[in-house]
Amino acid sequence: MAKQPAAVVGVGQTHHRAKRLDVSMAGLCREAIDRALEDAGMTLDEIDAIVVGKAPDLFEGVMMPELFLAEALGAAGKPLLRVHTAGSVGGSTAIVASSLVQAGVHKKVLTVAYEKQSESNAMWALSVPLPFNMPVHAGAGGYFAPHVRSYIRRSEAPTHVGAIVAAKDRNNALKNPYAHLHNEGTTVESVLASQMLWDPIRYDETCPSSDGACALVIVDEDTAKASPNPAWIHGTVMRSEATTAAERDQVNPQASRDAAAALWKQAGITSPIDEIDCAEIYVPFSWFEPMWLESLGFAEENGGGWRLTESGGTAMDGVLPVNCSGGVLSSNPIGASGMLRFGEAALQVRGAAGEHQVDGARKALGHAYGGGSQFFAMWVVGAEKPSN
Amino acid sequence: MTRTLSAPVTVAFDYTRSTGPVLGRFLTGLRDGVVVGGRTSEGKVVVPPLEFDPVTHEATTDFVEVAPTGTVTSWTWVPEPVKDQPFDRPFAFALVLLDGADVPILHALDVSSPDEVSTGMRVQARWAAERIGAITDLVFEPLSASGPTGVEAIGDNPVSGVIVPVSLDYLYAASPEESAFYRGLNEGRIVGQRCPTCQKVYVPPRSACPSDGTPTAEEVEVSQTGTITTFCIVNVPFLGQKITPPYVSAYVLLDGADIAILHLILGVEAAEVRMGMRVKAVWKPETEWTYSLENIDHFEPTGDPDADYETYRNHL
């Protein structure tokens, strides 16, 4: 039996903040879930199965979210799955949920991903010293900064391109009421003037630490008929690779390139830059925008990415608006960040993105990556039902 | 000598938990010496209250004070308590159906032998002298003739958060191959392994090649001189940090190795560190050596001309 059509008919998210001290983890998830269900015109009782994702266990000290959240998520008496792929988890979780519909197993699946960064310390969690080893690890920024430097060298990028991305995303976030950061007046100059944290990454080029959640309702073709604006899923893909291997390309990982190639093929896309109307790409540090533009095939390797960014091509009015929501650079509840990318892509093709809507968006990319650039999750959603 | 090296690791963090309005109400009650349950849409009183109703899925808003006395509906004996359990002496965990509740609560029951606990026995709350709005504010004990001793309410700010210290103690075991690497370091040598399939030399050795899965056995001593492929200048202080910033954390591709190791660069201004810079290992005094990559205190420039980009571009 062929893959069944599936569509996103409900998207919900919290107002992402540095600290949501007023709600528990369950309460945070329910805010997103209730909004997604309202958007879908459904109740929890109608849902067949629930898929939950969150950041790595040490990040929050919660090892079994499925166990303690089952009741609050409305999962009693229903299948409940938990997905775990580091920072890409929000994307992978949405893909697992969609696969339950595409496989014909369930008709109405609710998926939710969350994180309360305020209850822990991700920097600490990523830098726990191990015996016998050199304690030089310094969080996610410390991990990715050398690879950003490699990209700059390989592509001979001007050093201000990262600041262009940061200024763009922070200004896009002003149009998104849910975004964590609403920093008025961010400019390339102000980003360049911010403190150098993990050289070559500056403070304003890094994502914030956020509390937040995102939920999606994914349904089969019959159920989607009731929706005025379903976002049809045209392709989904996940790929993984080893964290360390001799000559592993850390700037443009094989798994990322393979995932993109498989995604475009599945979605029947031959020229991504021409056929994708906007993209929500996982950019926790500004330079990952040009890096992923190249890896995803929107631009040529070793320079096409930064040229596209520098030319304004990824701005709201560019050829490929990227992260119109403000992206990870403006809101980063890590466990939910991937699903936010997937959900924002769906909002765009549903014409429901509000002030950060790209006019006439018909096809959009949602993208997430995690670990040491070793887990990738992507989907393409469209306003029309896929023909394949 | 054992084949592998191991060392204890403690991963500890004081996580915080925002309780939200429902569990916050319950914990506020404990702090003030009352047990608060929540009434479900079907009329059942559940202690602690459920955050969301199991039928309507709405947030619980109907709170009910229940009695500090109740009946044991089931129990289990804890003959050897472990660290941080409610008591440091044998005790029972019991399901206690509090008077006024419809669902029992699981908690500790302070009795000295399993002969003193039975299903159906009557118990009462015993409040901690210092109550902070946590489940440990309360334990149960057999009902006394005079009944439970009431306590004064402590504060008027509702409890909205708790601190949950987590401490994991475990033994970190290095693989036999890694152990050989660390033993080499204890002799002032840097020892890797060559993959028989792809011929790549891994430092530290990985037991199996990450690229093709082949088990690795052939030991290769690599040079103590190498090339900085790429690096980061860490300017950020953070919890648990061992080295005071700013410092340069660099990937050093040792001559003879096919994968870079992450290490510290000193002996040069951070701003002067470059991709391609040639560096050499600077060892700690031999008296301080142990089985650790920390035997190499840092790497510093050799003063030689930088390596050609082509020699390391495939390692970025």
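Which value, in debye to the nearest 20, describes the size of the charge dipole of the range B:174-315 about its Cα centre when Lys and Arg Cβ atoms bear +1, Asp and Glu Cβ atoms bear -1, and nothing else is charged? Spell out each step's value before the answer.
Numbers: 11 positive and 20 negative charges, 57 e Å.
For the range B:174-315, the charge dipole is close to 280 debye.
Relative contact order for the range B:6-167: what is it in percent, counting Cα pairs under 8 Å that are at least 6 residues apart?
Details: 357 pairs, mean separation 46.4, N = 162.
With pairs under 8 Å counted, the relative contact order is 29 percent.
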Rounded to whole angstrom, the alpha-carbon centroid of the range A:98-119 lies from that of the range A:319-347 at a distance of 17 Å
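Rounded to the nearest 0.05, what FRET efficiency do A:THR187 and A:GLU275 give with R0 = 30 Å and r taken as the Cβ-Cβ distance? Could you check? Mind dumping the intermediate values first?
Details: r = 32 Å, r/R0 = 1.07.
According to the calculation, E is roughly 0.40.
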Taking a ≥ b ≥ c as the square roots of the Cα gyration tensor eigenvalues, with a/c under 1.5 meaning rounded and otherwise prolate when a/b beats b/c or oblate if not, the range A:271-388 comes out rounded
Phi-derived 3J(HN,Hα) across the range A:300-313 with the Karplus relation (6.51, -1.76, 1.60, θ = phi - 60°), rounded Hz, x for Gly and Pro, is 5, 5, 6, x, x, x, 5, 5, 5, 5, 5, 6, x, x
Among B:LEU253, A:ALA125, B:ALA173, the residue whose Cα sits farthest towards the positive end of the charge dipole of the protein assembly as shown (+1 at Cβ of Lys and Arg, -1 at Cβ of Asp and Glu, taken about the Cα centre) is B:LEU253
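FRET efficiency for B:THR311 and B:THR290, Cβ-Cβ distance as r, R0 = 25 Å, nearest 0.05? Mind showing how you got there, number by number?
Numbers: r = 33 Å, r/R0 = 1.31.
Working from the Cβ atoms, E equals 0.15.
Using every Cα-Cα pair within chain A, state what percent have a distance larger than 33 Å.
On the way: 17183 of 75078 pairs.
Every Cα pair in chain A considered, those over 33 Å come to 23 percent.
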Extension length gain for B:VAL82 and B:GLU42 (0.36 nm per residue less Cα distance), in nm, is 10.5 nm
Using alpha carbon centers only, the range B:87-152 is separated from the range A:248-263 by a whole-angstrom value of 58 Å
Scoring chain B by relative contact order with C-alpha pairs under 8 Å, at least six apart, yields a percentage of 14 percent
If every Lys and Arg gets +1 and every Asp and Glu gets -1 at its Cβ, then about the Cα centre the range B:6-167 yields a dipole, in debye to the nearest 20, of 120 debye
Checked against the positive end of the charge dipole of the range A:157-262 (+1 on Cβ of Lys and Arg, -1 on Cβ of Asp and Glu, about the Cα centre), the farthest of A:ALA213, A:THR187, A:SER240 is A:THR187
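Let me know the shape class of chain B, please: from the alpha-carbon gyration tensor, a ≥ b ≥ c as square roots of the eigenvalues, rounded when a/c is under 1.5, otherwise prolate if a/b is greater than b/c, or oblate. Working shown, then result.
Details: a/c = 3.21, a/b = 2.60, b/c = 1.23.
It comes out prolate by the Cα gyration axes.
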Chain A, Gaussian network, Cα under 10 Å: of A:HIS147, A:HIS367, A:HIS137, the residue fluctuating most is A:HIS137
Sorted by chain and number, the residues with a modelled amide H under 5 Å from that of B:GLY133, at a separation of 5 or more or across chains, are B:ARG31
Least to most buried among A:ASP211, A:ASP39, B:ASP110, by other C-beta atoms within 10 Å and fewest first, runs B:ASP110, A:ASP39, A:ASP211
From fewest to most C-beta neighbours within 10 Å, the residues B:THR71, B:THR287, B:THR197 line up as B:THR287, B:THR197, B:THR71
For the protein assembly as shown, shape from the Cα gyration tensor axes a ≥ b ≥ c, cut at a/c of 1.5 then a/b versus b/c, turns out oblate
For the pair A:SER311 and B:ASP102, the simple spin-label estimate (label points 7 Å beyond Cα toward Cβ) gives in nm 6.7 nm
So the FRET efficiency between A:GLU38 and B:LEU168, C-beta based with R0 = 51 Å and rounded to 0.05, is 0.80
Computed, not fitted: 222 nm per-residue ellipticity of the protein assembly as shown from DSSP H runs ≥ 4 (each -39500 (n - 2.57)), nearest 500, equal to -6000 deg cm²/dmol
Computed for the protein assembly as shown: size of charge dipole around the Cα centre, +1 on C-beta of each Lys and Arg, -1 on C-beta of each Asp and Glu, debye to nearest 20, value 680 debye
Note on the range A:101-189: contact order normalised by length, alpha-carbon pairs under 8 Å, 6 or more apart, percent, works out to 15 percent
Longest principal axis of chain B (C-alpha) makes with the long axis of helix B:20-31 (C-alpha) an angle, in degrees to the nearest 10, of 60 degrees
For chain B, the longest principal axis of the Cα atoms and the Cα long axis of helix B:176-185 enclose an angle in degrees, to the nearest 10, of 60 degrees
For A:LYS116, counting only lysines whose alpha-carbon sits under 21 Å away and dropping same-chain residues fewer than eight positions off, the answer is A:LYS19, A:LYS54
Listed by chain and number, the residues whose amide H is under 5 Å from that of B:PHE91, excluding neighbours fewer than 5 places away on the same chain and using placed H, are B:VAL78
Partner lysines whose C-alpha sits under 21 Å from that of A:LYS225, ignoring same-chain residues fewer than 8 away, are A:LYS3, A:LYS107, A:LYS108, A:LYS363, A:LYS385
Within the range B:168-201, the residues whose backbone N lies under 15 Å from a label point placed 7 Å from the Cα of B:ASP212 along the Cα-to-Cβ direction are B:194-201
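Where a number appears in this text, it was derived from the coordinates with a stated rule and is not lab data. Bear in mind the structure is a predicted one, so any value in this text is a computation, not a measurement. Quick reminder, even Gly has a Cβ in these numbers, built from the backbone with ideal geometry, and neighbours come from all protein chains shown.
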